[in-house]
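The values are calculated or read from the model by the stated rules, or taken from the named source; none is laboratory data. Predicted model, so just to flag it, every value in this text is computed and none were measured. When we count neighbours, we look across all protein chains shown, and the Cβ atoms used for this are built from the backbone with ideal geometry, even at glycine.
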Amino acid sequence: MPAAAGTLVLLVRHGLTPTTGRRLPGRASGLHLSDDGRRQAEATARRIDALGRVTAVYTSPLERARETAAPIGQALHLAVRVERDLAEVDVGDWTGASLARLRRRREWQVIQRHPSGFRFPGGESLVEMQARVVGALGELVARHRGGIVVAVSHADPIKAAVAHALGMHLDLFQRLVVAPASVTAVAYHPHGPVVLGLNGGDGLAELARR
């Protein structure tokens, strides 16, 4: 189905940071892209620029997302707008915790097998996160109907948005993988969303190393 029939949203995960795969950063401030992450962001900007018809660029307010969005906006000659509801899930008391340590906790199995029943201690539930992100994307689609919108966000919010678009229960969203700096394309039509691609670009190379 041609993307032009609806609104195409390009969901971009931020590039690599020094803690990617090692810590759960959540919404902690001060986390920036690594050198590799900056190179990924530049490469993603070039790929998106090749489309030539992007209407708007939005980003999560967190630094790593804004630093990924900046070269995209520059390549497209578009201002980057911050959309707070594209932010990472609020992991509360787990902010900054070691992933190796968290994986040993009993609650980690709940996140993997029954995420719809989990709330991060002192933070957000995954159900709330999905509703927030899906609502934000709905507003962007309504604002730019028929256009192409870039939305730079984080792994779990993008996975949750894709699960919603596919009609998957949130308990299955951990079966999806969204690699750093990858581009996931979802076309939103009046009759419903269509997932056109997952992990486009450097995301494929990142997955090959898993």
Checklist entry - Quick check, is Arg27 among the basic types (Lys, Arg), buried (at least 20 other Cβ atoms within 10 Å of the Cβ) and closer than 18 Å to Arg13 by Cβ? => result no
Checklist outcome for this item: Residue set Pro190, Pro121; condition closer than 25 Å to Val54 by Cβ and not aliphatic (A, V, I, L, M); output residue Pro190
Next on the checklist: Quick check on the range 183-210: of everything there that is at pLDDT below 55 and of a type in the set (A, V, I, L, M, F, W, C), which residue is surrounded by the fewest Cβ atoms within 10 Å (Cβ to Cβ)?
Outcome noted: Ala208
Checklist entry - From the list Asp171, Asp156, which one is surrounded by 19 or more Cβ atoms within 10 Å (Cβ to Cβ) and charged (D, E, K, R)? => result Asp156
Checklist entry - Within the group Leu62, Leu24, Leu10, Leu16, which residue is more than 14 Å from the chain's Cα centre (by Cα) and of a type outside the set (Gly, Ala, Ser)? => result Leu24
Checklist outcome for this item: The condition of being buried (at least 19 other Cβ atoms within 10 Å of the Cβ), among the aliphatic types (A, V, I, L, M) and closer than 20 Å to Ala28 by Cα holds, among Val178, Val133, Val149, Val141, only for Val133
Checklist entry - From the residues in the range 50-75 that are among the aliphatic types (A, V, I, L, M) and surrounded by fewer than 21 Cβ atoms within 10 Å (Cβ to Cβ), which one is nearest to His144 (Cα to Cα)? => result Ala56
